[in-house]
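Everything below concerns the one structure shown next.
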């Protein structure tokens with residue numbers, strides 16, 4: 001399943017997110033659960049949950065029917081280190 005998910009992300013999801021300055025990283029895909037991290041303009045965006053549910057999850061479930069859930073992982077420490085947020 002991981003290979004199929006990675007292919008859909010690389011060919012269909014990431015290019016569209018990149019059009020608005022965002023990106024996505026696949027962290028894992030096992031037992032029907034996909035974990036991703038949104039980055040770039042998508043990181044911390046108020047619309048990120050909408051993007052996740054209505055675009056990322058919908059696209060992945062359509063192309064890889066065995067997916068049950070897509071979870072966004074957001075580690076604020078990582079975002080701080082990458083300079084995406086300041087205090």
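Can you pull out every residue in region 55-70 that is crowded, with 16+ Cβ neighbours inside 10 Å, over 13 Å from the mean Cα position of the chain (by Cα) and outside any helix (DSSP H, G or I)?
Answer for region 55-70, where residues must be crowded, with 16+ Cβ neighbours inside 10 Å, over 13 Å from the mean Cα position of the chain (by Cα) and outside any helix (DSSP H, G or I): 64, 67.
Report the residue count in region 7-42 for those that are part of a loop (DSSP other than H, G, I, E, B) and either more than 23 Å from residue 68 (Cα to Cα) or touching a helix residue (DSSP H, G or I) at 6+ places or on another chain (Cβ under 6 Å) (or both).
First, pick out the residues of region 7-42 that are part of a loop (DSSP other than H, G, I, E, B): 19-21, 31-32, 41-42.
Now restrict to residues that are either more than 23 Å from residue 68 (Cα to Cα) or touching a helix residue (DSSP H, G or I) at 6+ places or on another chain (Cβ under 6 Å) (or both): 19-21, 41-42.
Residues flagged as part of a loop (DSSP other than H, G, I, E, B) and either more than 23 Å from residue 68 (Cα to Cα) or touching a helix residue (DSSP H, G or I) at 6+ places or on another chain (Cβ under 6 Å) (or both) within region 7-42 amount to 5.
Coordinate-derived values only; no laboratory data. Since the model is a prediction, treat every value here as computed from it, not as a measurement. Methodologically, a virtual Cβ is constructed for each residue, glycine included, from the backbone with ideal geometry; neighbour enumeration extends over all protein chains shown.
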